[in-house]
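Here is the structure we will look at.
Bear in mind these aren't lab numbers, they're just calculated from the coordinates by the rules spelled out. Predicted model, so just to flag it, every value in this text is computed and none were measured. Here the Cβ positions follow ideal geometry from the backbone for every residue, glycine too, while neighbour counts run over all protein chains shown.
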Amino acid sequence: MFILVILAYVFIGLIELLPLYRKKHKKDFWVAAGITIVSLVIAVCLSLGVDIPSPATPIKNAINAISGK
């Protein structure tokens, strides 16, 4: 499963990131690359069986802190 995840992200990189780099869209490239790397790390962890905690509770607490509830 680990190899399939890596191959899928190589394919995504070729399809999405390479054209941005070639067209000299530096900011778009770096934002897309950063998001892709974060999602790659999460996908690899999930394929290896690592339990990833849900971000729902911290997001809810942050929204409640901002809104004052």
**Request:** Give, in nm to one decimal, the length gained when the segment between residue 59 and residue 37 is fully stretched (0.36 nm per residue of separation minus the Cα-Cα distance).
**Result:** 5.8 nm
**Request:** Excluding residues on the same chain fewer than 8 positions from residue 69, give the lysines whose Cα lies under 19 Å from its Cα.
**Result:** 60
**Prompt:** Assuming R0 = 35 Å, what is the FRET efficiency of residue 48 and residue 23, from their Cβ-Cβ distance, to the nearest 0.05?
**Reply:** 0.50
**Request:** Could you go through the stretch 51-68 in sequence order and give the Karplus-derived ³J(HN,Hα) for each residue, using 6.51 cos²θ - 1.76 cosθ + 1.60 with θ = phi - 60°, rounded to whole Hz, and x for Gly and Pro?
**Result:** 7, 9, x, 6, x, 5, 5, x, 5, 4, 5, 5, 5, 5, 5, 6, 7, x
**Prompt:** How much of the calculated P(r) for the chain lies past 14 Å, in percent of all Cα pairs?
**Reply:** 69 percent
**Fill in**
Sequence order, the stretch 34-50: Karplus ³J(HN,Hα) from phi using 6.51 cos²θ - 1.76 cosθ + 1.60, θ = phi - 60°, Hz rounded, Gly and Pro as x, gives x, 5, 5, 5, 4, 5, 5, 4, 5, 5, 5, 4, 5, 5, 8, x, 6
**Request:** Report the relative contact order of the chain, percent, no decimals, based on alpha-carbon pairs under 8 angstrom and at least 6 residues apart.
**Result:** 36 percent
